[in-house]
1. Within the stretch 115-154, how many residues turn out to be surrounded by fewer than 19 Cβ atoms within 10 Å (Cβ to Cβ) and within 15 Å of ligand 2 (Cβ to nearest atom)?
2. Only residues that are of a type outside the set (Val, Ile, Thr), in a helix (DSSP H, G or I) and farther than 24 Å from Pro20 by Cα: list them for the stretch 34-56, please.
3. Search the stretch 57-80 for residues being farther than 20 Å from Pro20 by Cβ and near ligand 1 (Cβ under 10 Å from one of its atoms), and hand back the single one that is surrounded by the most Cβ atoms within 10 Å (Cβ to Cβ).
4. Could you give me the residue pairs with C-beta distances under 8 Å whose first residue belongs to the stretch 119-134 and is over 18 Å from Ala161 (Cβ atoms), whose second residue is part of a helix (DSSP H, G or I) wherever it lies, and which are 6+ apart or on separate chains?
5. Name the single residue, out of those in the stretch 279-303 being in a loop (DSSP other than H, G, I, E, B) and not hydrophobic (A, V, I, L, M, F, W, C), that is nearest to the chain's Cα centre (by Cα).
6. Only one of these conditions is not met by Glu119: (1) more than 13 Å from ligand 1 (Cβ to nearest atom); (2) part of a helix (DSSP H, G or I); (3) acidic (Asp, Glu). Which number is it?
7. Hey, any hits in the stretch 18-28 for a residue that's under 28 Å from Ala290 (Cα atoms), modelled with pLDDT of 95 or more and either within 14 Å of ligand 2 (Cβ to nearest atom) or not small (Gly, Ala, Ser) (or both)?
8. Filter the stretch 162-180 down to the residues that are modelled with pLDDT of 75 or more and over 15 Å from Asp206 (Cα atoms) and list them by number.
Amino acid sequence: MGSVVISLDAELGWGFHDRPELPEHHIESGRRAWTYLRESFDRLDIKATWAITGHLFLESCRSSHRGHPAGRRCCTRETASLTPERIWFARDRIEAVRASAVDHEIGSHGFTHVHFRHEKMSEEFAARELEASVEAAADCGIELSSFVFPVNRIDHTELLAEHGFTCYRGASPAKSGRLAKLASATIGTPAPPLVEPRVDEYGLVDVPASLFLFNFEGVARSAVTSVGRDPVVKQATRGIDNAVENDGVFHMWCHPHNLRTDRDFERIDAILEYLHRRRLESDLRVETMAEVAERVRSRRARI
Ligand SMILES: [Zn+2]
Ligand SMILES: [Zn+2]
């Protein structure tokens, strides 16, 4: 019997800080879906790891953000219809997740979403990003354990351990391999992998991803099919079944801003409802990344 983990990369404007034009509709979608997901999780009693960009924890900011790739005072940037408060801050959304009936985990997704292999991401910059994230969360009474690397670029891992993190989301073993693509083209829907979390050389637990719920192919293909034939729903349900029958972790993830059209919301509803149903009729567990890390580390300590 395995378990299912859901992680969310919640970043609002920070996910687009490197764009010359900030995509208002994506940022607003991110806010809307943030609330929608929280309510869906409440309704179905499903917990998730919310990896949230650290700057969103702030109520206001006086930092100059010197040396930031998006420029000085980047968090004062606004758009025609969005104030800086709606783009770069989200304490209300974070408080709402904390106040949920479900025991979610709040983790980190960097402080300003500069990815960890960016040319400006020196060790010093990375340490500042982590330190600022930990501080901003602590101000809200939250202790961070899980880290999701912005844009999934994994680097400076040793610094995570130094800043008190216990785990991170590693790369999916199935990630865009030629064979996986070939299988997808010939048999339609490959089963996403169950992953085996492992302790790395810094004592951190790598909880790899199994399935991104809005991969390009899935989006394109589902646009012409009903939700019942949505290839991503099929993959997710096969992954959930796999976790019911076998050991290992089925780890799904997405960004709230991926949910834009009715079809996107139908996809998420279908997956969450299936998970809810399968859990009721089996011993399947739903865990947060931090819970997986704790389980893996304590099992290792016993060996
Ligand atoms: Zn700021
Ligand atoms: Zn991100």
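1. 7
2. Passing the criteria: Trp34, Tyr36, Leu37, Arg38, Glu39, Ser40, Phe41, Asp42, Arg43, Leu44.
3. Here the answer is Leu58.
4. Once the first residue is over 18 Å from Ala161 (Cβ atoms) and sits in the stretch 119-134, no partner that is part of a helix (DSSP H, G or I) comes close enough.
5. Top of the filtered list is Thr288.
6. For Glu119, the exception is condition (2).
7. yes
8. Glu162, His163
The values are calculated or read from the model by the stated rules, or taken from the named source; none is laboratory data. Quantities reported herein were computed from a predicted structural model and do not represent experimental measurements. With ideal geometry, Cβ positions are generated from the backbone for all residues, glycine too; neighbour counts draw on all protein chains shown.
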